[in-house]
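The values are calculated or read from the model by the stated rules, or taken from the named source; none is laboratory data. Quick caveat, the model's predicted, so the values are computed rather than measured. Here Cβ is always computed from backbone atoms with ideal geometry, including for glycine, and neighbour counts include all displayed protein chains.
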Amino acid sequence: MVERNIDLVFGGGRLGLMGIIADAVLQGGGKVYGVIPEMLKDHEVAHTGLTELHVVKSMHERKAKMTELTDGFVAIPGGIGTLDELFEAWTWKALGYHGKPIGLLNVNGYWDSLTVFLDNVAGHGFMSAARRKQLILSDNIDDILDKLTSEFTGSNGEVTW
């Protein structure tokens with residue numbers, strides 16, 4: 001991300017995989033913006049070394065602020081919180097609240113079963129083929145960043161994910 005001048009926007013915690021990624025971006029000289037709800041600030045152990053840490057009132061405000069701050073989304077392997085954020089970002093795109101690209105980094109086939117399910121949803125007519133294609137899938141970080149960057153680059157040439 002740092003090599004590509006891509007800033008990081010994430011949930012603001014210092015633990016887990018996202019904490020490790022935030023630290024790596026910071027150590028590489030990049031900018032990292034965290035957004036954490038007040039009630040999770042202590043529970044998730046908020047990352048205090050970020051470029052900016054936004055403390056908000058609710059999970060809904062967290063996702064809205066993250067969407068405001070970013071130019072695109074990359075979902076990495078994760079749990080229910082990751083799925084919640086992914087589907088809300090995708091729903092907001094479908095409703096026209098934003099036009100930002102959304103990608104799935106398919107590490108070790110993590111998203112394979114989800115993509116089969118989504119293909120099934122589209123196949124049964126509950127989602128258009130165009131909507132299904134809005135989720136960009138790749139197992140290679142460079143490839144997914146290339147695809148997402150080609151979908152959206154800010155007017156100043158900078159990209160914030």
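Descriptive notes on the structure:
- Close pairs from segment 10-23: first at positive phi and free of Cβ contacts under 8 Å to residues at least 12 places away in the same chain, partner among the hydrophobic types (A, V, I, L, M, F, W, C) and assigned to a helix (DSSP H, G or I), Cβ under 8 Å, at least 6 apart: none
- Sole residue being among the charged types (D, E, K, R), surrounded by 14 or more Cβ atoms within 10 Å (Cβ to Cβ) and either in contact with an Asp or Glu (Cβ under 9 Å, 6 or more places away or on another chain) or assigned by TED's automatic domain parsing to the domain that holds Lys41 (or both), chosen from Glu52, Glu61, Glu85: Glu61
- A single member of Ala122, Ala129, Ala46 is at pLDDT below 95, over 23 Å from Met18 (Cα atoms) and of a type in the set (A, V, I, L, M), and it is Ala129.
- Some residue of segment 106-122 being under 27 Å from Gln27 (Cβ atoms) and aliphatic (A, V, I, L, M): yes
- Members of segment 51-64 found to be more than 15 Å from Asp84 (Cα to Cα) and out of contact with any helix residue (DSSP H, G or I) (no Cβ under 7 Å at 6 or more places or on another chain), listed by number: Thr51, Glu52, Leu53
- Test: residue in segment 97-119 that is surrounded by fewer than 14 Cβ atoms within 10 Å (Cβ to Cβ), in contact with a Ser or Thr (Cβ under 9 Å, 6 or more places away or on another chain) and outside the structural domain of Leu17 (by TED's automatic domain parsing): yes
- Total residues in segment 1-22 satisfying the condition of being at pLDDT 90 or above, more than 18 Å from Leu105 (Cβ to Cβ) and surrounded by 15 or more Cβ atoms within 10 Å (Cβ to Cβ): the figure is 2.
For (1) hydrophobic (A, V, I, L, M, F, W, C); (2) in a helix (DSSP H, G or I); (3) over 18 Å from Asp71 (Cα atoms), each residue gets a yes or a no:
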position: Val9; (1), (2), (3): yes, no, no
position: Leu17; (1), (2), (3): yes, yes, yes
position: Val35; (1), (2), (3): yes, no, no
position: His43; (1), (2), (3): no, no, yes
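- Here Asp146 meets each of (1) under 12 Å from the mean Cα position of the chain (by Cα); (2) more than 24 Å from Ser58 (Cβ to Cβ) with one exception, condition (1).
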